[in-house]
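Right, one structure below, let's go through it.
The values are calculated or read from the model by the stated rules, or taken from the named source; none is laboratory data. It should be emphasised that the depicted structure is a prediction, and the values quoted were computed from it without experimental measurement. Cβ sites come from the backbone with ideal geometry, for glycine too, and all protein chains shown count toward neighbours. SASA here: full protein model, heavy atoms, side chains in, ligands and nucleic acids out. Shrake-Rupley method; radii C 1.70, N 1.55, O 1.52, S 1.80 Å.
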Amino acid sequence: MKLLVTGAGGMLGRAVVEAAQRLGHDVRGATRAELDITDLGALQQAIARRRPDAIVNCAAYTDVDAAESDRLAAFAINGKGAGNVAAAAAHAGAAIVHVSTDYVFDGSKREPWLESDAVAPLGAYGASKLAGERAVAAANPAHAIVRTAWLFGAGGKNFVDTMLALGAEREEVSVVTDQVGCPTWTGHLAGALVELAERPGETGVHHIAGAGSCSWNELALEVFDRAAVDCRVLPTTTAAFPRPAPRPAYSVLGSERRDPLVLPPWQDGVAAYLATRVSA
Ligand SMILES: NC(=O)c1ccc[n+]([C@@H]2O[C@H](COP(=O)([O-])OP(=O)(O)OC[C@H]3O[C@@H](n4cnc5c(N)ncnc54)[C@H](OP(=O)(O)O)[C@@H]3O)[C@@H](O)[C@H]2O)c1
């Protein structure tokens, strides 16, 4: 099938282009410089030229802390921009697979969040992504909205790379134990997004993230263990490390769908990502 990937210069976007190519699709990735999703006219032109069967929207404002003081930009891209992609796709008869986040939840549950659970984002980033979910659903009936979490992979700022850089220069790092989520390798998620694009009947919200869950502290331990990095991981708390944006304490994603797309365990994602770093 013919696919268009927006935000293709980002961490997830590039993985989706690679996965689609591997699966034999005719895919075109557009970076921000090539296609700005806040420009509805440019989107309509690109889609009219390309005539894709589906668009995978990986374009987003993703700086969670900066969004607190830059709400307008976050909402312009994550809210209105996402709606633009969905509307332009609908106009051309194309489906949209749109990527959203676990940060639409407030983290107050202690068991996995399901698709129908009440949303209540704590910060501006989560609120802007929720606005995007609503804009996408309103603009295009052929939509799949994929909430995912704690992404790591090649070509983007992520926690695994940060830990490896710190571990190379320090003897110990302090990492929070009181935020729990689902680390997800972009290589695993990308295949699932392409699969959803292949199945336009699978509309609505999907929770898709690395199987299992852990704290950031446990993720750091796993990374150092697998990469044989000799760096101690000390426990700390969110309160001891204040950041501009509040984060959910527990944002583990589960699914109530009858036939959910299930990704491999997050530890397999860490191993797979580290293997790509070694071979790169
Ligand atoms: N990273 C995570 O932990 C995480 C967790 C849950 C969900 N998500 C969601 O996953 C998706 C992919 O995120 P990611 O981690 O791949 O982030 P990323 O590496 O920051 O990629 C986002 C891409 O979108 C581009 N972009 C920004 N504004 C744009 C615009 N107006 N038009 C077109 N492109 C634009 C960015 O370009 P510039 O870099 O040039 O601005 C960047 O290449 C996003 O929807 C994000 O909300 C991410």
Which of the lysines could a cross-linker bridge to LYS157, judged by Cα under 25 Å and excluding same-chain residues fewer than eight apart?
-> LYS80, LYS129
Given the chain, what percent of its DSSP beta bridges are antiparallel, to the nearest 5?
-> 5 percent
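Please report the projected area of the stretch 13-171's Cα convex hull averaged over all directions, in nm².
11.5 nm²
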Give the relative contact order (percent, whole number) for the stretch 93-207; include only Cα pairs under 8 Å separated by 6+ residues.
-> 36 percent
Round to a whole number: what % of the accessible area of the stretch 46-189 belongs to carbon and sulfur, probe 1.4 Å?
-> 53 percent
Would you mind putting 257-268, 235-246 in packing order, based on average other-beta-carbon counts within 10 Å, highest first?
-> 257-268, 235-246
What Kirkwood hydrodynamic radius do you get for the stretch 179-280 when you take the inverse of the mean 1/r over all pairs of distinct Cα atoms, in Å?
-> 15.6 Å
Can you tell me the order of 29-37, 90-98 when each peptide is scored by its average per-residue count of other Cβ atoms within 10 angstrom, highest first?
-> 90-98, 29-37
Across all Cα atoms of the stretch 139-189, Rg and the largest Cα-Cα distance (Dmax), in Å, are 15.4, 52
Averaged per residue, the 1.4 Å probe accessible area of the stretch 189-280, protein heavy atoms only, in Å², is roughly 49 Å²
Among 116-129, 215-228, the order from most to least packed when residues are scored by Cβ within 10 Å on average | 116-129, 215-228
If we restrict to alpha carbons, what Rg and Dmax does the chain come to, in Å?
-> 18.2, 56
Residue (of ALA73, THR62, VAL5) at the positive-pole extreme of the stretch 3-79, dipole from beta-carbon charges | VAL5
Row for the stretch 16-75, column shape: gyration tensor on C-alpha, a ≥ b ≥ c, rounded if a/c < 1.5 i.e. under 1.5, prolate if a/b over b/c, else oblate; value oblate
